[in-house]
Structure formats: structure tokens, C-alpha cells
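The block underneath contains the structure these notes are about, expressed in C-alpha cells.
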Protein chains: 2
Amino acid sequence: MKKITITDVAARAGVSKSTVSQFLNKRFDYMSKETKERVEVAINELEYQPNIIARSLKQRTTRTIGVIVANILHDFSTRVIRAIEDYCHEEDYHVIVCNADDDPVKEKRYIDMLRAKQVDGIIAFPTSKNTALYQDLITEHYPFVFMDRLVPGIETDTVLLNNHEAAQLAVDQLVANGYRKIAMLAPPLYDPITPRVERIEGYKASLETHDICLNSSYVISARLEEMEEQIEKLLSLSDPPEAILALNDRVMIQLLQYVKDKQIRISDDVAVIGIDDVTFASLYTPALTTIAQPAFEMGKKAAQLLFNQFHNEASQGNRRVYRFSPQIIIRESCKRKENGALQ
Amino acid sequence: MKKITITDVAARAGVSKSTVSQFLNKRFDYMSKETKERVEVAINELEYQPNIIARSLKQRTTRTIGVIVANILHDFSTRVIRAIEDYCHEEDYHVIVCNADDDPVKEKRYIDMLRAKQVDGIIAFPTSKNTALYQDLITEHYPFVFMDRLVPGIETDTVLLNNHEAAQLAVDQLVANGYRKIAMLAPPLYDPITPRVERIEGYKASLETHDICLNSSYVISARLEEMEEQIEKLLSLSDPPEAILALNDRVMIQLLQYVKDKQIRISDDVAVIGIDDVTFASLYTPALTTIAQPAFEMGKKAAQLLFNQFHNEASQGNRRVYRFSPQIIIRESCKRKENGALQ
DNA sequence: CTGAAAGCGCTTACAG
DNA sequence: CTGAAAGCGCTTACAG
């Protein structure tokens, strides 16, 4: 039951460990056909599998990367991970998945452990709170890329949505359908997470473009558990909004739950549009108009950037921010029934 | 920029590597306060982080496990992974996530590579096709547990749903609401994946219990792309079903898409119930009655079983199958409007 | 209480 | 064309 090693193979084949190692690494340049075959036979007979850990120790590469997301249960994260894993699989790499739960302590622990395990690089949805640590990674030229969120002052490859454009697409669509009283539903902003901040900014800027005055009671920012209560208030306003923009999928779900409970009819009573294309958007009634993120492309890009960092140290100097364009998927939830004023 | 090693720490502290190692492993029994402090200071000053790869080589444990799912995009898999990762995080383990896409070749490649990387164990949703390989794992006493699917002839810890009960709960609920013409929508059965086979068996057995004759044109088994076509046929039958049981979430989504496109009203025109609690079940109209799997508990159990295998070799003999009970969540999609005959 | 030495299983110049 | 030797960075008996 003892694990067989390169030494066993060498003995069996009657050659040295060096030769076996050359074989394993496909360095056949100076190897006679005969020894090559002998080694091959020995490997097969013994069902030898090299110990990658030993190789990693010597070669200082583990062919493994770490991916730290806030929560793998979030749809966007799952898709990004799938894209990264696909890319890694092609390149014969593996991915360790970690859930930091937006907790800086957990994040730091993961980053430290991942590095101790010598992973070749990390892709993270940063909590943005471990600035000193991120800075260390940079000064040590450690390969890493950020996803979804920008961290002020940290210059590393970052891939994220053009959030401004996403909010703008949503507002434009609403305005084009004749809505001008547009509310925004957002998660809490006390920790300034890029997509939230930028989408709200985008919303405000777009309103301005359309000469719509910002009504501050129309922008709700609350924890998911308090969302229903906030929506209730919003809709009870003396001058309630005619349309609601949900900042992300989780907010959208809260909104739809509220709407269901109160028997409010979307589109008739209030128009709805959401950033993030929820899985059930097309089968909901009315089908939900959404602004989709190209999650797979974004994940793939992140992986490519990381691998670029592996291969050329030069890339250190010019790490960049890559913005991906969202795509509007027009369905039914913000059409006016009466084919409303195209203003 | 050179990585600092245990040798550097030893030099700095003026002790041997052995002593530093003892310190790292918290073996303080015979260490003087003074040297202990010296080592501690050196470690902090140098910001030393041990190389886990080197340790792993010696200790023959990587504190890393592999999880092979069919597809991380599937909701159930995601939840299971989350539960496993949480458990591992508590135990200071990491998890490598792999998507086998129900492809035995990919699965084999992952298992081989994961083992080459010396992961301490594997949790897999098996394709069930690599029987020889699974058997090898057993004879080598390699720790692994199967999830969601049973593999005939392979005696290892397996955690899965009580699928029979799941189908039965669904049929019972339908019958209790006065439905007797009950169709079953399933994915293809050419590869005999446990949940599919068992849920269909459960469906058939339950019908029998209720003295309902099986109508073979009521059981549809088709690829997702052909599902709409099949549903069309099903509902065009001269004697169409009054209720439909969706075998899993993906089938349910196809069904809902069809229903939406054809403007069929669930509950009024046809009752619907599904195994797997889709995320939007409660906010859909009518809210969907579903049979939920305890995904988190199942994932946690799988992790526990794997860790048990690490800790006691004895467990080899008595690996078992753990069935989890589904839970029915009664909502609105299979209630009769007219408060139908409680038969 | 601490250190020298061997060893985990590979790879890699280098010598021949 | 092939092998002996050193080394990757730890841990672990064992000696003192």
C-alpha cells in the first residue's frame, strides 16, 4: 500500500531518478529510444503518479490559484468562478474557492493561508478593508487581480462592470417609456463597495441628463431585512415613484417579494427594472427587463490577466482597470400598458 | 525580495531550525521562555510565513480537499459547496472546486490530478462511470465520499436525498388536493443518475399507493432543449394531465418558461409542483409548492464523513449511505381554486 | 532544553 | 545520452 515514488520507478527501469524525471518532464532531447521505453513501461507497470507537492516545492509553482468571493451563493460570483475554473482547467490549474463574507478578517486569513500554501495567484472580490495587505502583495509582485470592486490606491488589474453605464441604461429605458418618477433601491452604503456607489452615482447623473430633479426620498439604501419596510414607506409617499430601479439581484428579489405580498401589479401599478439578470427574469410575469453583466467574460478576463502576470514580470508596471459593458435585456416590466408617452 | 525561510528565522534568533520548527508546531514542553521569545521576535521581525508546501511534503497532509460537482452553476451544488467550505474553514482546510460536467473523462482527470496534488480527500457528485477508479480509491483506503448519487458496487460514505420520499410527498400533496391525472417531467434517463431514477420510481410507487393507474404517456423524459416540445405534446393529449411534477429545478424552469410563453395559468389550468426549492418559488405567481432538499445539512454531513475518514482508519469497514429527508413547502401552485374534492 | 542529521519526493545544473 | 549530488523548506526521531 506504500506510495510508489520516482525512486521505485528508477529502480524498476534500471535507470537513475534523474532520467525518470527527464522523462516526466518530456525532456527527450538526449534520451535513447530504449531507455525512454523502459521508463515508460516501469511507470505503467507501477501505476506511478508523481507527487506534485514535491515538484511544487522545487519548482516554486503549484499550478493552483485562489479565488476569494464574498459569497459563492451569489449568482454573479458563481458564474465568475465557473468561468475562471474553466479557464484554469484548460491550463491545467486548479482553483481553491473561499468565501470571505465581506469580512476583512476572514479575507486576510484566506489571503495569508493561500499564500502560505504557495498558490500562484489570487483573484478576489476585495472587501477593500485590508489596504496594507493589498499593498504588500503589490510590493512583493505577487500576482493578483481584483474583481467587481475597485480599491482606492491599489494599482492592480481589476475587472468590473461599467456601473455608471448600467444605471444609465436602466434610467434611459425608463425615461424612454415615459417614466420620470424613478426610485432607486440599494443595499447599505456604509461600506463603500464600488458597484453600489457607482450605480447610485450613475442613477443620479442619468436623471440629471434627462433634466429630472433628484428626489432624495426616492433613493433607498437599506439592509435586505429592512427593505420591505422601506419599500412600504416609499410607496406610501404622497407623491410615490412610478418606476423602481433595483440595484442588484438581491434587492430585486426583496422588491418582488414585497410586490407579491401586497398584490401590487408590476408595470400597471409600478414599473420595475433591475441590474443583474436574475435567472427567472424571462419566466416571471411580467417578464423582467434587466441590465445584465457579462459574468463569464469577466471571469475569463480576470483569469487571463492573472496568467499574464505569471508569465511576464514586466506587466507589474502597468496594471489596469478593465470595464465591461452591461447589456440591457428588454422584456415587459417597464413598458407602459397604454404605450405611454414617448416624451 | 527573497522569500524568508525557517533558516533565516533560526539565524536571526540564534537557534537551530529544529527549535524554530518546534515553536511553529507549538511544542513548547521543553522550551525555555527565553528562546521562545527570541524565536517569536525573529518571526515577527522577519514577517516569516512558513511554506506549507514544504510542510505538506514531510507531513503527508495538505489540509486541502477536492470537491467535484457536475456544475457549480447548479443551485444545489452551490449550496453544498458553501456548506463544505464553511466546515473546512472551521477546520483550517481549503477546498478545490472542480466541474466535471457529467463527463467521466473530465472526472477521472480531476480525481487523478487532485490525488497527485495530495489532497487529503475528495467529495464528489460521481458521474458513476469510472467504477474501476472508484474501486481503486477504496482499496487504497483513500478518503472520499459521494454526494447526491449512489454508485452500484462502490461501498463508500454517500449522502443523498430520500428521493423516493420526495416524489411521494409531491404525489401525496397533489392527490390530497384532488388531482389524479399527474404527469412527471424528467431529464434524460439514458445515464442512470440516482436522483432521476429514484424520483421516477417514487412517483410510480406513489401512484400505485393511491390506486392510480400509471399512464405511460404522462411520464416525459427529455433533454432540456426538447422539453418544451414534449410538454406541448403532453398537454395536447386527448386526456391531458391536470397536474405536473417537475423532477428538478432545471426541468421546472423549462416548464415555467413554456407556461409563460403559452399563457397557461398554473393552478387554474394545470397544477404544478417541483422537487428542489427554486429561489423564486415564493415570489412567483402563484407561489410554487416545492419539495426542498436540505442542501446545507447534506454538504455539512459529507464534510463530516470525510473528516471522520481522515481520523479513524477503522471507518473503512463500515462506510454507509445517509439519506436526508426532503421537506414539502406548501404554497399555491397545486391548490385547487374551487377547493377541490378532498377525495 | 536544544541541535545535527536524515528525509519527504521531486528537479536541475553539471560532469562524464 | 545518463547519473551523482545538491537542494527546495520543512519535520522528526535521536543524541547530548
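In region A:136-156, the residue that is nearest to the chain's Cα centre (by Cα) out of those that are under 30 Å from residue A:55 (Cα atoms) and open to solvent by 10 Å² or more (accessible area, probe 1.4 Å) is A:143.
Restricting attention to region A:11-20, which residues are surrounded by fewer than 17 Cβ atoms within 10 Å (Cβ to Cβ) and part of a helix (DSSP H, G or I)?
A:11, A:17, A:18, listed by residue number.
When residues of region A:30-55 are filtered for being away from DNA strand C (no atom under 11 Å from the Cβ) and open to solvent by 90 Å² or more (accessible area, probe 1.4 Å), how many remain? Step through it out loud before you land on a result.
If we filter region A:30-55 for residues that are away from DNA strand C (no atom under 11 Å from the Cβ), which is where we start, we get A:31-42, A:44-45, A:47.
Checking the rest, the ones that are also open to solvent by 90 Å² or more (accessible area, probe 1.4 Å) come to A:33-34, A:37-38, A:44-45, A:47.
Residues meeting the conditions: 7.
Of the helices (runs of 4 or more DSSP H) lying entirely inside region A:34-133, the ones with 1 or more residues being away from every other protein chain (no Cβ under 12 Å) and touching a helix residue (DSSP H, G or I) at 6+ places or on another chain (Cβ under 8 Å) are found at A:104-116.
One residue stands out among those in region A:1-10 that are more than 26 Å from residue A:118 (Cβ to Cβ) and loosely packed, with under 12 Cβ neighbours inside 10 Å: the one that is modelled with the highest pLDDT, which is A:2.
When you scan region B:45-75, how many residues do you find that are away from DNA strand D (no atom under 16 Å from the Cβ) and more than 21 Å from residue B:111 (Cα to Cα)?
1
Taken across region A:295-307, residues that are in the same structural domain as residue A:146 (by TED's automatic domain parsing) and outside any helix (DSSP H, G or I) do not occur at all. Every listed requirement among (1) surrounded by fewer than 17 Cβ atoms within 10 Å (Cβ to Cβ); (2) in a helix (DSSP H, G or I); (3) of a type outside the set (Phe, Trp, Tyr) is met by residue B:253 save one, (1). In this structure, does residue A:283 turn out to be under 24 Å from residue A:229 (Cα atoms) and open to solvent by less than 10 Å² (accessible area, probe 1.4 Å)? The answer is no for residue A:283.
The values are calculated or read from the model by the stated rules, or taken from the named source; none is laboratory data. Keep in mind that what you see is a predicted model, and the values were worked out from it rather than measured. Ideal geometry is used to build each Cβ from the backbone, glycine not excepted, and the neighbour counts take in all protein chains shown. Side chains are part of the model used for accessible areas, which takes the heavy atoms of the whole protein and leaves out ligands, DNA and RNA. Shrake-Rupley method; radii C 1.70, N 1.55, O 1.52, S 1.80 Å.
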